[in-house]
Amino acid sequence: MKKALLPVILFLIGFKTSAQDKNLTIIPAPAKITVEKGFYHLTKNTPVSFIGFKQSPITLKDFAATALLLKGVNATGKQTLNGGLKVVLDPAMQIPDEGYRMSVNAGGIKIISNTEKGLFYGLQTLLQLIPDEGDAIPCTEIEDYPRYKYRGLHLDVGRHLFPVSFIKQYIDLLAQYKLNTFHWHLTEDQGWRIEIKKYPKLTSIGGFRDQTLIGKLKVKPEIYDSTRYGGFYTQKEVREVVAYATSKYVTVIPEIEMPGHSLAALAAYPQLACGDNPGPFKSGQIWGVYKDVYCAGKEETFRFLEDVLDEVMSLFPSKYIHIGGDECPKDRWKTCPYCQKRIKDLKLKDEHELQSYFIQRMEKYVNSKGKQIIGWDEILEGGLAKNAVVMSWRGVKGGIAAAQQDHDVIMTPGAFLYLDHTESKSTEEPITNGNYLPLSKMYSYDPTPAELTQTQQKRVIGVQANAWSEYMASPDKVLYMLLPRLFALSEIAWTAPEKKDWINFSESRVPAHLGWLDRKNMMYHVPEPIGAKDTTIKAGSYLLDYKGPVKGAKIYYTINGYFPYQTDYLYEKPVTITVPPNQERIIKSVVITPSGKRSSTVTVHLVNKPESNSNN
Ligand code: ACM
Ligand code: ZN
C-alpha cells in the first residue's frame with residue numbers, strides 16, 4: 001500500500017514544486033523560461049567577464065559590481081575562458097528591443113544581448129535569482145523581452161515633494177522592475193517645483209504655499225495644518241537626477257502643466273491669468289481643480305511658456321515633453337476679452353477649440369526643437385495636435401479614440417493604474433482619496449484594447465501607473481502606495497498576457513519580493529492573509545485556510561473579537577473554528593512581518609443562529 005502510493009506522492013510533490021518554480025522568483029515573468037535540474041554556485045570569488053564591448057561598459061560594470069556586491073558577490077571583472085558570469089554584447093544577436101538571453105548551468109552563467117540595456121535587464125533578472133541564503137542559482141534558460149516599449153511610472157511632486165535621494169530610490173525601483181520611463185510631474189496648482197532661471201518667482205513664490213489641507217477633500221469643515229510648505233529642485237539637482245536615471249537606463253520625461261493646474265505659476269506671475277490686472281493669487285492649499293488658468297488670449301502667456309520649455313528642454317534629453325492639458329476649466333476664458341478676441345479672430349467654435357489652439361501652438365514650438373509632446377486625454381477635445389502622444393487616464397476611451405486617429409497612446413486609466421487609490425478598504429488603512437484598487441485588479445489590466453484593429457493596437461506604445469501625491473506627504477507613504485502594486489505594473493508592462501499567472505504571481509513571487517523588501521526594512525503595504533476576506537458567515541463552523549503574503553511573515557488570529565497581536569493564536573495550517581448553536585464568533589486575522597509591519601485586520605463574523613434569529 002505504502003509502496004504503491006509513493007510514486008503518486010512524489011508526482012504530487014514534484015508537480016507542486018514545478019508550479020511554484022514556474023517563473024522562479026522573477027518579476028516581471030520572462031517571455032520564455034525553462035527551469036532545469038541543478039544549480040550554479042555564485043560565490044564571492046566568481047569571476048565576472050564583460051565580453052564583446054568596443055569600449056569598456058563603465059555604466060554596466062559599475063552597476064553590476066555594486067549590485068552584485070550587495071548580494072555578496074565580488075564582481076572583479078576578471079576575464080576568464082571558463083565558468084563564472086559572462087556578460088556578452090553581441091550586436092548580431094536576434095532578439096526584440098531591450099531583450100536578452102540568459103543561461104545558467106552547472107558550469108556558469110551567460111547573459112547575452114545586442115544592447116547594453118538588454119544586458120542591464122538580464123543582470124536585473126540574475127539579481128532576482130540570487131537567493132537570500134546560500135549561493136545556489138537554479139539552472140535555467142531564459143529568453144526575455146518586453147511587451148511594450150514605453151513602461152512608465154509617474155510621480156507628482158507638486159502636491160508634496162520628495163528629496164533627490166528619494167527620487168533616485170524611486171528610479172532604482174523602476175529599473176529593478178524593468179520599467180524604462182520616469183514621468184516627473186513638476187508643476188501644479190499647489191507648487192512649482194523646477195528652477196527656471198528666467199522666472200525666479202516661479203520657485204521663490206510659486207514653490208511655496210501658506211498651509212495645506214489635512215483632511216479629506218470635500219469633508220466640511222476643511223481643516224489645515226497652519227504650516228508653510230514648499231521647496232523645489234534646482235537645475236543642478238535636475239541634471240543629477242537625469243544623469244542618475246540614464247545610468248539605470250531610465251528616461252525622465254518632465255511634465256510642465258498647461259493651461260490648467262497652473263495656480264502656483266499665476267501666484268508668481270499673475271499677469272499670465274485672464275483679464276486686466278488679474279490676481280493676486282496664492283498657491284493652492286486644497287486639492288482639486290482651480291478655475292484660474294493661463295490666459296489663452298495673451299501673447300505673453302506663450303512667450304512665458306516657450307521660455308520655460310526652452311530651459312526644460314535643455315535639462316531633459318528625452319524625446320518627449322509632457323505638457324499636461326487635463327482638467328482646464330473654461331470659466332475664465334468665457335469672460336476674458338483676450339480669450340474671446342482670440343476665438344473671434346481665429347474663428348474658433350468655442351473654448352474647447354481654444355484649448356486645442358493652445359496645445360497645438362505649444363506642440364509646434366516643441367516640435368520645432370526636435371521634440372514631441374505628450375498630453376492627457378483632454379487634448380483630444382477640440383482637435384488633436386498633429387504628433388501628440390495621448391495619455392489615457394479617464395478610462396480607456398481617450399486612448400482608443402487617439403489610436404483610431406493614428407496617434408501613439410500610453411494607457412494609464414485611473415481605475416486600474418492610479419496609485420493614490422487605496423489597496424485595502426479597511427478603516428485601519430492610512431488616508432487616501434478613497435478609491436479602491438487592489439493588487440489583483442491592477443494585475444488583471446490589459447493595456448491593449450481588444451476593440452482596436454491590429455494596426456491600431458500597435459499605436460498603444462505602453463502603459464504607466466501614476467502616483468498623485470495629495471495624500472502622500474512622505475517618501476514612506478509613496479512606497480506604501482507603490483509596493484507591491486509596482487510588481488503588477490511591471491508584469492502588465494513587460495510580460496505577454498498569455499504568460500501572466502495570477503496565482504503564481506500573488507502566492508509565490510510577490511511574497512518572495514516582499515520578503516526582500518522586509519529584510520531591507522523598506523516601507524510597503526503588507527497585504528492581508530491570502531484567502532482572507534471581511535465577511536459574515538451563517539454556519540456552525542468555518543475553515544481558516546490562509547497563505548502568507550510575505551515570505552517569513554506570520555499570521556496571527558483571535559476568535560474573541562479582539563485585535564490580534566503576536567501574543568495570539570499563530571496560524572500554522574488550516575484550522576476549523578466551530579461555534580455552538582445560537583452563538584457567534586468574531587475571528588480577526590493579521591499578518592505580521594519579520595520587520596514588525598502589520599497588515600490591516602481581516603474580520604470573519606461567524607454566526608450559528610437559525611435564520612429567523614439572525615434576521616432580528
Ligand atoms: C489626471 O489624473 N488629472 C491626469
Ligand atoms: Zn484669457
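When PHE63, PHE120 are checked against the criterion of being buried (at least 17 other Cβ atoms within 10 Å of the Cβ), closer than 17 Å to TYR249 by Cα, modelled with pLDDT under 95 and among the aromatic types (Phe, Trp, Tyr), PHE63 stands alone in meeting it. Would a scan of the stretch 393-404 turn up a residue that is touching a Leu at 6+ places or on another chain (Cβ under 9 Å), within 15 Å of ligand 1 (Cβ to nearest atom), closer than 29 Å to ILE323 by Cβ and part of a loop (DSSP other than H, G, I, E, B)? Within the stretch 393-404 (the criterion being touching a Leu at 6+ places or on another chain (Cβ under 9 Å), within 15 Å of ligand 1 (Cβ to nearest atom), closer than 29 Å to ILE323 by Cβ and part of a loop (DSSP other than H, G, I, E, B)), the answer is yes, since at least one residue qualifies.
The residues in the stretch 274-299 that are within 16 Å of ligand 2 (Cβ to nearest atom), surrounded by fewer than 23 Cβ atoms within 10 Å (Cβ to Cβ) and small (Gly, Ala, Ser) can be counted, and the count is 3. Hey, among the residues in the stretch 249-264 that are buried (at least 20 other Cβ atoms within 10 Å of the Cβ) and within 19 Å of the chain's Cα centre (by Cα), which one's farthest from ligand 1 (Cβ to nearest atom)? So, considering only residues that are buried (at least 20 other Cβ atoms within 10 Å of the Cβ) and within 19 Å of the chain's Cα centre (by Cα), the one farthest from ligand 1 (Cβ to nearest atom) is TYR249. Taking first residues from the stretch 313-336 that are closer than 12 Å to LEU354 by Cβ and in contact (Cβ under 8 Å) with a residue 60 or more places away in the chain and partners that are among the polar types (S, T, N, Q) and part of a helix (DSSP H, G or I), the Cβ contacts under 9 Å between residues at least 6 apart in sequence or on separate chains come to CYS328/GLN355. Listed by first and then second residue, the pairs with beta-carbon distance under 7 Å, at least 6 apart or on different chains, first residue in the stretch 362-379 and closer than 21 Å to CYS328 by Cα, second acidic (Asp, Glu) and part of a helix (DSSP H, G or I), are TYR365/GLU306; ILE373/GLU363. Residue count for the stretch 71-101 under the criterion of being among the charged types (D, E, K, R), at pLDDT 95 or above and in a loop (DSSP other than H, G, I, E, B): the result is 3. Counting only helices (runs of 4 or more DSSP H) that fall entirely inside the stretch 420-537 and contain at least 1 residues that are closer than 15 Å to LEU153 by Cα, the qualifying elements are 439-443, 475-482, 485-494. Within the stretch 317-355, if we keep just the residues that are within 30 Å of PHE182 (Cβ to Cβ) and not in a loop (DSSP other than H, G, I, E, B), the residue that is nearest to ligand 1 (Cβ to nearest atom) turns out to be GLY324.
The set of residues in the stretch 222-247 that are assigned to a loop (DSSP other than H, G, I, E, B) and of a type in the set (A, V, I, L, M, F, W, C) comprises ILE223, PHE232.
The conditions of being modelled with pLDDT of 95 or more, touching a Phe, Trp or Tyr at 6+ places or on another chain (Cβ under 7 Å) and under 23 Å from THR25 (Cα atoms) are met by MET442. Being in contact with a Cys (Cβ under 7 Å, 6 or more places away or on another chain), in a strand (DSSP E or B) and surrounded by 16 or more Cβ atoms within 10 Å (Cβ to Cβ): is that true of VAL104 here? Yes, satisfied. Among the residues making up the stretch 296-316, those that are assigned to a helix (DSSP H, G or I) and either aliphatic (A, V, I, L, M) or within 16 Å of ligand 1 (Cβ to nearest atom) (or both) are LEU305, VAL308, LEU309, VAL312, MET313, LEU315.
The values are calculated or read from the model by the stated rules, or taken from the named source; none is laboratory data. Bear in mind the structure is a predicted one, so any value in this text is a computation, not a measurement. Every residue, glycine among them, receives a Cβ derived from its backbone with ideal geometry; neighbour counts consider all protein chains shown.
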